[in-house]
1. Among the residues of region C:44-74, count how many are open to solvent by 10 Å² or more (accessible area, probe 1.4 Å), within 10 Å of chain D (Cβ to nearest Cβ) and of a type in the set (S, T, N, Q).
2. If we scan region F:59-74, do we find a residue that is under 20 Å from E:Thr67 (Cβ atoms), in contact with a helix residue (DSSP H, G or I) (Cβ under 6 Å, 6 or more places away or on another chain) and of a type outside the set (A, V, I, L, M)?
3. Within region F:84-111, can you find the residues that are buried (at least 20 other Cβ atoms within 10 Å of the Cβ) and of a type in the set (A, V, I, L, M, F, W, C)?
4. A:Thr78 - would you say it is open to solvent by less than 10 Å² (accessible area, probe 1.4 Å), among the polar types (S, T, N, Q), assigned to a helix (DSSP H, G or I) and touching a helix residue (DSSP H, G or I) at 6+ places or on another chain (Cβ under 8 Å)?
5. Is it true that D:Pro113 is within 18 Å of B:Gly75 (Cα to Cα), more than 10 Å from chain F (Cβ to nearest Cβ) and either in contact with a Leu (Cβ under 6 Å, 6 or more places away or on another chain) or not hydrophobic (A, V, I, L, M, F, W, C) (or both)?
There are 6 protein chains.
Amino acid sequence: MTSEALHTDTYARGKALSEQVNPGMEEALQARYDALVPGLSRTIVDVAYGQFYTRGTVDEKTRLLATVAALAALGGQTRPQLKVNVASARAVGATREEISEIIFQMALYGGLPSMINALNAAIEVFEAEEAADG
Amino acid sequence: MTSEALHTDTYARGKALSEQVNPGMEEALQARYDALVPGLSRTIVDVAYGQFYTRGTVDEKTRLLATVAALAALGGQTRPQLKVNVASARAVGATREEISEIIFQMALYGGLPSMINALNAAIEVFEAEEAADG
Amino acid sequence: MTSEALHTDTYARGKALSEQVNPGMEEALQARYDALVPGLSRTIVDVAYGQFYTRGTVDEKTRLLATVAALAALGGQTRPQLKVNVASARAVGATREEISEIIFQMALYGGLPSMINALNAAIEVFEAEEAADG
Amino acid sequence: MTSEALHTDTYARGKALSEQVNPGMEEALQARYDALVPGLSRTIVDVAYGQFYTRGTVDEKTRLLATVAALAALGGQTRPQLKVNVASARAVGATREEISEIIFQMALYGGLPSMINALNAAIEVFEAEEAADG
Amino acid sequence: MTSEALHTDTYARGKALSEQVNPGMEEALQARYDALVPGLSRTIVDVAYGQFYTRGTVDEKTRLLATVAALAALGGQTRPQLKVNVASARAVGATREEISEIIFQMALYGGLPSMINALNAAIEVFEAEEAADG
Amino acid sequence: MTSEALHTDTYARGKALSEQVNPGMEEALQARYDALVPGLSRTIVDVAYGQFYTRGTVDEKTRLLATVAALAALGGQTRPQLKVNVASARAVGATREEISEIIFQMALYGGLPSMINALNAAIEVFEAEEAADG
């Protein structure tokens, strides 16, 4: 995409993606946060989804595995977001083994505790999948 | 690879990879560090290269982009290692745009300062490439 | 205050402030920690309250909003202390919207996960207020 | 501002602010980064300036002191950004003593090394001011 | 140990130590993680126990107190691993007061929140000891 | 020491220690920082030296090795303070090999980049010793 195209209708593009991967997300954020922080929900859709996730250049699976890597290395403080991104990586075709492998390597950069704690978070996502499939 | 194969000759496998991507690395580490920490150089080759980087499951380019993501999100304290991994990602075929894109997305997880500082480190690697090519 | 005044009776000044904002704090710390770390409770009162919080130069509301900002950016590991400081900021007149706004901006420096997790912690404090008011 | 107003013309609002506090910033970012990350400069203006810094609710001085607090607590990895925000805090009327006081308090949350290193960064900004005034 | 000795039979040496301080650990790791990350359990035994913990040069008690210090300073994200290392420090003769003293000092480097949260984790270990003794 | 003794004349005790290990430190801090942060120098002497370093319970060498461990694990942002503490550890009898060994182990908790960067900082201290001895 050209720079101009990248900044045309960022909210609309973000909304399309967020509805696809996480239906109802903007409304849920709005209900919980917008009275305190007016427009928070729209900024998340516009910025995170419209100005970052939909940029292209790297495919979705690589982008999500890179995100999982970063959140694992940053340590347990990002656990809820790590679980969301592990689920998203699964949704675009990453196998459990690929996700786990990327997390395992983070032992070298974020240390062993970050790695084990992140792997435990991923396992919770995998077990929820099985429960849903079961 | 089976678990058994993964742990056979980890030093030899690590040595083969480190010589390919970074010739003379073990000797350089040995000369600088082993008098203080006996065996540090061999542990790096055996562990980082033999027991992590050569595991397979994910391709080298994805593995290196995930590593770049993690080091960018962890912030400027890992600058020397970020530059090494940016160069390695280039060596296995990642474009400058792909590497920069992954770093850009880290603004969402590690903050704007980490992102800009990591992008500056990557640009130094790209400029050194051009100087070498020139 | 002059430098001399700042270091006169730091324990007494700290005690006065801690009794005002958090009655019984020193005794609670003493009961829980001082058998293991003799004098921990007195050091907290003397140092945190007497040598930092009572220094003046910036007003209490600004000081507490800055503290909320730092704890939010540092991520979920400081959740209990973030909640205490959100409550203290409320006690000196900060509105829920001001506190939430400061936390929201931390998305730029500590990343989106830190921001959302900190906002959730603040909401718990606000809900406890309502329950107490109710 | 209403949520609707907050998201109308975010780029235009961001551009107005960035030109005021940091004239030529978008062009400088564009020249350095946009070939690698198309649109990075516009995203910074739209998001950081248009969707965060111009939101209101807290006054500019408080917002900048809170930002200085967060960057100080996050440690030396954000040094260039800390210096920019110290200068911005000065530009909206914060005294050197207020800025230094906020940084000093961060010893309690980010540790003594973060505090001293951040204070050294602030002093560089103050010395540059004096050189410019001289 | 010579560098050669340090790298002979690292798995066997690691296994001997892990069986002594944490009987059944490799099997537990294997059951939980190896289907996702083949060989993870063996890498932990070989690397953490065989190539780090058994190196000598510093005595076990100092090594474990240094580990407790690092995990406390890194903050609450490493809580499960902090508890394991507090228990290990107890097992090699560190008193509760020594462990608590080392954690207390970390207030200077990791901040007050990290210190208090780490002390709370240590107290859980001490209380479990008493329950077991009781 | 009893809790009472621990809090009697903390400034005097801190001053005695700081003069012993780092003569002239308070005056140097005063000259550089006290105009901006009145009393900063006295707080460092009173708190860090008087209320932490002189507590006893663990011997000085263990205390300093634990500090080196924490600063190494926290990453490159604490480099100046790491170097000061490596020098202090040397001054109370820690060998270069012991210091390096403790830093090496931090690879497991703070990651490989933190470890290598900390080891490089320590080597600078060791080389300065040799230059001074030469």
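The values are calculated or read from the model by the stated rules, or taken from the named source; none is laboratory data. No experiment lies behind these values; they were computed from the predicted model shown. Neighbour counts are summed over all protein chains in view; Cβ atoms, including those assigned to glycine, are modelled from backbone coordinates with ideal geometry. Each accessible area value is taken on the protein alone, full model and side chains, heavy atoms only, with ligands, DNA and RNA left out. Shrake-Rupley method; radii C 1.70, N 1.55, O 1.52, S 1.80 Å.
1. 2
2. Yes, region F:59-74 contains at least one residue that is under 20 Å from E:Thr67 (Cβ atoms), in contact with a helix residue (DSSP H, G or I) (Cβ under 6 Å, 6 or more places away or on another chain) and of a type outside the set (A, V, I, L, M).
3. F:Val86, F:Ala89, F:Ala94, F:Ile99, F:Ile102, F:Ile103, F:Phe104, F:Met106, F:Ala107, F:Leu108
4. Taking the combined requirement at face value, the residue satisfies it.
5. No, not satisfied.
Yes/no per residue for (1) farther than 23 Å from F:Gln30 by Cα; (2) charged (D, E, K, R); (3) within 14 Å of chain B (Cβ to nearest Cβ); (4) not in a helix (DSSP H, G or I):
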site: D:Lys83; (1), (2), (3), (4): no, yes, yes, no
site: D:Val86; (1), (2), (3), (4): no, no, yes, no
site: D:Arg90; (1), (2), (3), (4): yes, yes, no, no
site: D:Glu101; (1), (2), (3), (4): no, yes, no, no
site: D:Ala118; (1), (2), (3), (4): no, no, yes, no
